[in-house]
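Structure, as structure tokens:
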Amino acid sequence: MPYSTCHSVLGGIVCHLADNVSFHSQDGEFVWEAELQERLRSAFSWGFLLTQLVAGRLAGILGGKLLLLLGVALAAVLTLLIPAAALVGPYWLLAARIMIGAAQVSFDTREPHLTLGVPRQSPSVFTLISSSLFHK
């Protein structure tokens, strides 16, 4: 552990625990190159980013409630299929992660529905508070 991490009280506890635990470098079932791992990690964000305009148009056509229902249902099914996709191959997992990101765009349609019972003076404040609760 770096000295700067170990210098604080909490960091000292972490360093003490890290010194007493031996880490074993062990390959798991899925051994993929670092570049592929980075692509897998960013696939959700690419799916989310690339479908913003399409989701906005679909929300105008289908309505926000139906789009939210379809997006959450699709994301749930695809999330359940992640282990199977990883077993088939990393590119199937990549495709599943991109589609989950695309399906989660519909989550942005929740704001108009959340503010229906809020006083007219503060819908933006309510949206800000409710959105901050969803994000870490």
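Here, each number is a calculation from the coordinates, and none is a lab measurement. Since this is a predicted model, take the numbers as computed values, not measurements. In this analysis, Cβ positions are derived from the backbone assuming ideal geometry, glycine residues included, and neighbour counts consider all displayed protein chains.
Expressed in nm², what is the orientationally averaged projection area of the convex hull enclosing the Cα positions of the range 43-89? Intermediate values should be presented prior to the final figure.
Working: hull surface 14.6 nm².
Projected area, direction-averaged: 3.7 nm².
Calculate one ³J(HN,Hα) per residue across the range 56-61 by plugging θ = phi - 60° into the Karplus curve 6.51 cos²θ - 1.76 cosθ + 1.60, and present them in order as whole Hz with x for glycine and proline.
Calculated HN-Hα couplings, in order: x, 5, 5, 5, x, 7 Hz.
Would you please put 31-41, 71-81 in order of how densely packed they are, using the mean number of other Cβ atoms within 10 angstrom per residue and starting with the highest?
Details: 31-41: 11.5, 71-81: 15.3.
With the highest mean Cβ count within 10 Å placed first, the list reads 71-81, 31-41.
By how many nm would the segment from Leu81 to Ala95 grow when fully extended, if each residue of separation counts as 0.36 nm and the alpha-carbon distance is taken off? All intermediate terms of the calculation are to be shown ahead of the outcome.
On the way: separation 14, 0.36 × 14 = 5.04 nm, distance 1.13 nm.
Residue separation times 0.36 nm, minus the Cα-Cα distance, leaves 3.9 nm.
Give me the net charge for the shell around Leu93: Cβ to Cβ below 12 angstrom, other residues only, Lys and Arg +1, Asp and Glu -1. Could the numbers behind the result be given before it?
On the way: positive: Arg39, Arg41, Arg97; negative: none.
That sum, taken over residues with Cβ under 12 Å, equals +3.
Along the Cα→Cβ direction, 7 angstrom out, place labels at Ile61 and Trp46. What is the inter-label distance in nm?
2.5 nm
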